[in-house]
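Structure, as structure tokens:
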Amino acid sequence: MPLATLRAPARGFIASVLLAAALVTLLVLGLAVVAADQFTKPIFRIRNATWRLARNEPVQPLGVETNDEFEDLARDFTMVAQQIAEHRAQREAFIAERTTLLEQTHAELTDILEHSADGIIGLDPAGVVRIWNHGAERLFGYSSDEAIGRHIDDVLRPSDDKAVRERTVLQREFEREHAVVNFLTEVLAKDATPIRITLTQTMITAPGGRSLGSSLIVRDNRLQSRLEDQMRRSERLAVISVMAAGLAHEINNPLAIIGNRIECMQRDIRDHWSDSPLAADIDTLQQHVERLRDLTSSLLRFARDEQQDAGPIALGAVAESTVALLRRTFATRRLDLALVVEAPVPSIVGHEKAIETVIVNLLLNAADATPAGGVVTLTIRASAGNDAAEIEVCDTGPGVPPGLRERVFEPFFTTKEAGRGTGLGLTVCRSIIDRHRGTIMLDMAPGGGCRFVVRLPLEPIGTTWKELAYS
């Protein structure tokens with residue numbers, strides 16, 4: 001058989017096979033496209049939606065409509081994604097609300113911490129300062145930059161050996177009880193000023209019991225001490241009132257007898273020895289008896305708080321008469337008593353004998369503090385603004401230390417030697433001056449010694465002592 005005869009059918013067969021292969025390939029490609037659209041595309045959409053959900057991006061409906069399990073899966077995924085987004089939004093709103101409340105609470109606590117009048121100090125477990133508020137800055141003088149990072153014993157230094165022992169007791173109590181409440185001690189401020197404080201220390205622990213440090217609340221106890229001093233002063237003044245009434249009665253009886261004897265001697269001198277040099281001395285005794293009577297009357301008024309009319313007082317005349325009475329007393333002590341009246345001196349309204357008592361007490365105190373050969377100067381003048389009159393007494397003694405200048409006005413407190421003073425003179429002076437709505441101040445004189453300045457206002461103080469005492 002010729003070869004050409006076989007070639008034609010072979011070619012037809014090969015062409016048929018190739019055509020069939022092409023058709024099969026086209027069919028497979030079509031099926032692949034359909035499969036990709038039916039299976040792969042929904043999977044990619046779900047995968048991309050999952051990534052967006054993980055990135056907290058909004059998830060839109062996937063739009064899968066294949067009428068099979070993929071459509072159900074896409075619908076369920078969209079619903080779950082929406083629930084997750086809603087839950088996430090609620091959680092973020094809750095977190096934002098709690099964050100706002102936390103920030104507000106933090107700001108309030110910070111404001112309370114920083115503006116508390118008490119010192120609030122935070123310590124780590126080793127006792128190193130971590131928190132130092134404005135109250136601690138004001139109380140001790142250290143800024144927060146100076147205090148933070150230093151050990152508490154380097155900042156709150158004990159003032160003396162007693163304070164060191166108190167600090168040891170405090171540490172033992174804190175280690176045993178993990179808290180110390182209202183512990184009274186004394187420490188030194190930055191400028192080495194001793195400060196009496198009340199200290200409360202509390203341990204701060206983690207939930208597991210591990211110590212995170214401690215907190216200190218430090219309160220200035222000086223104000224309470226001053227209040228206690230005022231209470232004691234009030235109690236002493238009450239005792240003084242009772243004592244003054246009793247002393248005045250006891251003194252008035254012998255004064256009355258002495259006064260009667262002096263009057264008899266004055267009458268005998270006038271009748272029989274009119275030119276006797278004793279007449280002047282007897283008259284001086286009579287003046288002192290009258291002054292003592294006025295003093296006891298003032299003590300009774302002080303004790304009983306009786307009403308008494310006030311009137312105009314010429315301070316210059318009162319000062320001159322007082323100096324005349326005391327000049328001999330000063331001379332026997334070899335002291336010079338100088339009087340300076342700076343004209344014009346306005347009159348004040350008050351009780352003349354009480355003001356005289358103030359001047360006498362100040363001059364006698366100055367005489368007691370001045371050594372022989374010294375000078376005591378009494379000055380009467382108007383104030384700088386001409387709204388008050390001033391009484392100034394200066395001496396050339398050793399002066400009063402700054403720490404005792406306020407205490408000299410306390411009842412029964414005196415810097416004099418035992419038996420030379422009762423500690424009541426300046427207390428009575430302050431009481432009288434307070435009733436005249438005035439002030440009394442003590443400082444150093446320009447040349448050394450003490451300088452008392454009494455300032456009495458010019459305006460009327462009222463018509464009775466009772467108004468003065470309670471207005």
Item to check | Rounded to whole Hz, the Karplus (6.51, -1.76, 1.60) HN-Hα couplings of segment 197-214, x for glycine and proline | outcome: 10, 10, 10, 10, 10, 10, 6, 10, 10, 7, x, x, x, 6, 6, 9, x, 8
Checklist entry - Residue by residue through segment 311-316, which ³J(HN,Hα) values in whole Hz follow from phi under the Karplus form 6.51 cos²θ - 1.76 cosθ + 1.60 (θ = phi - 60°), with glycine and proline marked x? => result x, x, 10, 8, 4, x
Item to check | Interchain or long-range residues, amide H under 5 Å from T205's placed H | outcome: L212
Item to check | Relative exposure of D443, D191, judged by other C-beta atoms within 10 Å (fewest first) | outcome: D191, D443
Item to check | Separation of the F174 and L18 label points, Cα + 7 Å toward Cβ, nm | outcome: 10.2 nm
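Taken together, the values in this text are just the output of simple stated rules run on the coordinates, not laboratory data. All figures in this text were calculated on a predicted structure; none of them were measured in a lab. Here the Cβ is made from the backbone with ideal geometry for all residues, glycine too, and neighbour counts use every protein chain on show.
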